[in-house]
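Written below as structure tokens is the structure these notes are about.
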Amino acid sequence: MNDYINEKEVRRMIKVIKPNGQLFEIRIMLPGKKNLSGYFTDADTAVEKLKTNINLKNAIVYFTLNYVDPGCYSRLQRDHFEAFPENATTDADIIGYNWLMVDLDPKRPTGASSSDEELQKARALGEEVKKYLKVRGFSEPLMAMSGNGIHLLYKVGLKNTDENKALIKRCLQALDLVFSNDDIKVDTSTFNPARICKMYGTLAQKGSNTPERPHRMSRILSEADSYTETPKAYLEKFADDVLPKEQKPEAYNNYRPQSFDIETWMARYGIQYKEKKQSGTYTKYVLDECPFNSNHKAPDSMITVGDNGKIGFYCFHNSCQDKHWQDVRIKYEPNAYEKAYGPDEDDSWIDAGWKAHKANRTQNIQPINVEEVQEELEGRPMWLTPKQIRAKETQSEVFIKTGIEGIDNRMRGLKKGSLTVVSGLRGSGKSTVLSQVVLSALSDGFNVICYSGELTDKNFWKWMSLQAAGKGNTVPDKWSGYYKVPDDIDEKIADWMEGHFWLYENDYGNKYSILRRNLERQADKVKADLIILDNLMALNIRDLNPHDKYDAQTSFINDLSSLAKRTNTHIIFVAHPRKAIGFLRLDDISGSADLSNMVDNAFIVHRKNEDFKRLTEQMFKWSEDAEAYKGTNVVEIAKDRDGGTQDVFIPLWYEKESKRLKNSEAEMVAYGWENDFQQIEEDEVIPF
């Protein structure tokens, strides 16, 4: 090592960032605005030329971060440095993005190096960004110290297109909105394809070398020698979630989005902000507290407005990741995006239903016999006119969200007091879907009890814990080749579910009459909202009719329907299909003919494979680019008694790390167990 180059660090940088002979340009900025440029494909030649006949005092050494067109290797500066080169790497010379560069730069006087304190703050913020993006699906980044700031390099594999250039820019703008503060700035200018980056292993020499602001040798801080690409879908989702959305011309903004006065709107509804900041083309209002959780104090939530009229909302905490500007508006203006249902109606059923659910979760609906009806209704009409019908008070409805957007958007979720059957071929993902419904219900404050006749309690928990944890909180199990949840995370999930979820102990047997009696007692005892029975075939229902299994199944369905109404719960049961000839339909579900008639909802889970594509092409004449073919699994709404929806196919994406079936490839749901994002304390950061 000489005073200006750490040869070991330079070699490691080239090995990790430019492996397998990938071409890169080294650019040296010397005093007097003298620039040197050289193209290299190996560490030996690059190090030799850096050490030979070049005085690097007060020089800054950079390299090209992304994939340079190999044709540039034939330029004049091949394997050596040329002064004032006629041609250096431009955006047009980049074939694709290898890395997304997040540069965290301390704010300091121009022309001076960072102080130790400033650099530690940048390191602490780097740890925050890394943790934050991990739970949003980003892969582990390479972390480096540039000498004056911190770099996070996320490996990507994107072609050099205008679309991808805009995506990289939007990701940096999003990070700037979320993380830039009074001390550290996220550099939003590093999006161009030909971006040059500090060459790690060379000395950063900005300003004078003083004890307060010393020159430092740049280096890679991470230990790994290879990195996994972050899929493009996660970059897109992150940018879309954070950055303000285009506002449509609507009545509330006088059909001119740019003229909407956000400050007047916030004042009208008492939304206070601590400070107003300009960040690039966006104005950021740092709220005193989050509209959805008053414990989320400044600076954790913000409303943002773009120069073009785009408005956004963002909260730093995991529990608010699904909240956007539209949700803020609806909170204060419930009808902002909805048409009225009628002259005297609006969507207040949402709040009313939830209040009714909280006030009386065990509403009893008892069967009424004829004599009681005649006596009880004496003096009231038996046959109602339209005006009398309208005058009757409408009973509030409560819906349990499934977490499957296609179901929740069309059906509002699962209505309490109703019955749903789920079917599908073996391995289609029925149990996976149901356990995610459980997690969605728990996150919304509902209580759930479950019978799983085919899984042991340990296997049931292992699967559900993986789904609750999510990709960012699982680790590979080197022995099994699968993934597992670390003990500390597993314990947090269990703590969160305790007192809200109960699983039947299979050692008590599968006789339905015994289970049914205890099911009702447990539902009343714990004020259950959702009951899941997985599955009908694992239950012994012969005592309902030992001589006719189809009559027994009819009695079973009748009984479940009554139980759902009596306990005011939603009940889901799984029924396997009969051996179907052709594509699986509702009539193929095993059981009596009454099954499909008596349930309120029916879902069929399909696995997208060649059989699924072939049979749906034959039956529905779908094209190759059909929406249902985009995912790995499909949930079909086969029956919806209230809304009449049927033959709706909803694609889902399977994630191996968490066993989740997701609404989109990049979806990252934060269930209620996750602690809100905690900032890294400075004393937790490893010193340089």
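The values are calculated or read from the model by the stated rules, or taken from the named source; none is laboratory data. This is a predicted model, so every value here is computed, not measured. Here Cβ is always computed from backbone atoms with ideal geometry, including for glycine, and neighbour counts include all displayed protein chains.
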(request) From Lys492, Lys525, grab the single residue that is of a type in the set (D, E, K, R), in contact with a Phe, Trp or Tyr (Cβ under 6 Å, 6 or more places away or on another chain) and not in a loop (DSSP other than H, G, I, E, B). (result) Lys492
(request) Determine, yes or no, whether Ser301 is at pLDDT 75 or above, touching a Pro at 6+ places or on another chain (Cβ under 8 Å), surrounded by 13 or more Cβ atoms within 10 Å (Cβ to Cβ) and hydroxyl-bearing (Ser, Thr, Tyr). (result) yes
(message) Going through Thr432, Thr456 one at a time, which residue ends up being out of contact with any strand residue (DSSP E or B) (no Cβ under 9 Å at 6 or more places or on another chain), in the same structural domain as Leu533 (by TED's automatic domain parsing) and closer than 20 Å to Leu539 by Cα?
(response) Thr456
(request) Could you look through the stretch 114-127, keep only residues that are under 22 Å from Leu153 (Cβ atoms) and polar (S, T, N, Q), and pick out the one that is surrounded by the fewest Cβ atoms within 10 Å (Cβ to Cβ)? (result) Gln120
(request) Please go through the stretch 596-631 and pick out each residue that is part of a helix (DSSP H, G or I), free of Cβ contacts under 8 Å to residues at least 24 places away in the same chain and not aromatic (Phe, Trp, Tyr). (result) Asn597, Glu610, Asp611, Lys613, Arg614, Glu617, Ala628
(message) Residue pairs, Cβ under 7 Å, 6 or more apart or interchain, first in the stretch 269-292 and at positive phi, second aliphatic (A, V, I, L, M). List them.
(response) none
(request) Just name the residue that is modelled with the lowest pLDDT out of those in the stretch 239-293 that are more than 29 Å from Gly137 (Cβ to Cβ) and aliphatic (A, V, I, L, M). (result) Ala251
(message) Can you tell me which condition Ser189 does not meet? The list is (1) without any contact (Cβ under 8 Å) to a residue 60 or more places away in the chain; (2) in a strand (DSSP E or B), and all the others hold.
(response) (2)
(message) With the requirement that a residue be without any contact (Cβ under 8 Å) to a residue 24 or more places away in the chain and not basic (Lys, Arg), what does the stretch 20-54 give you?
(response) Asn20, Gly21, Gly32, Asp44, Glu48, Thr52, Asn53
(message) Checking Gly644 against (1) closer than 25 Å to Val398 by Cβ; (2) buried (at least 17 other Cβ atoms within 10 Å of the Cβ); (3) modelled with pLDDT under 95: exactly one of these is not met. Which one?
(response) (2)
(request) Give the residue that is modelled with the lowest pLDDT, with candidates limited to residues of the stretch 48-100 that are among the aliphatic types (A, V, I, L, M), in a strand (DSSP E or B) and in contact with a Leu (Cβ under 6 Å, 6 or more places away or on another chain). (result) Ala83
(message) I'd like to check something: does the stretch 158-173 contain any residue that is more than 20 Å from Glu236 (Cα to Cα) and in contact with a helix residue (DSSP H, G or I) (Cβ under 6 Å, 6 or more places away or on another chain)?
(response) no
(message) Name the single residue that is surrounded by the fewest Cβ atoms within 10 Å (Cβ to Cβ) among those in the stretch 10-45 being small (Gly, Ala, Ser) and touching a Lys or Arg at 6+ places or on another chain (Cβ under 9 Å).
(response) Ala43
(request) Residue by residue through the stretch 423-477, note down the ones that are among the charged types (D, E, K, R) and within 22 Å of Lys656 (Cβ to Cβ). (result) Arg426, Lys430, Glu454, Lys458, Lys462, Lys471, Asp477
(request) Sort through Thr230, Thr202, Thr188 and tell me the only one that's in contact with a Leu (Cβ under 7 Å, 6 or more places away or on another chain) and crowded, with 18+ Cβ neighbours inside 10 Å. (result) Thr188
(message) What pairs come out if I take residues in the stretch 406-427 that are in contact (Cβ under 8 Å) with a residue 40 or more places away in the chain and under 12 Å from Ile572 (Cβ atoms) and pair them with residues that are buried (at least 20 other Cβ atoms within 10 Å of the Cβ) and basic (Lys, Arg) whose C-beta lies under 8 Å away, six or more apart or interchain?
(response) Val422/Lys430; Ser423/Lys430
(request) Check whether at least one residue in the stretch 599-622 is closer than 21 Å to Tyr512 by Cα and crowded, with 17+ Cβ neighbours inside 10 Å, and report yes or no. (result) yes
(request) Of all residues in the stretch 548-595, count the ones that are modelled with pLDDT of 75 or more and not in a helix (DSSP H, G or I). (result) 15
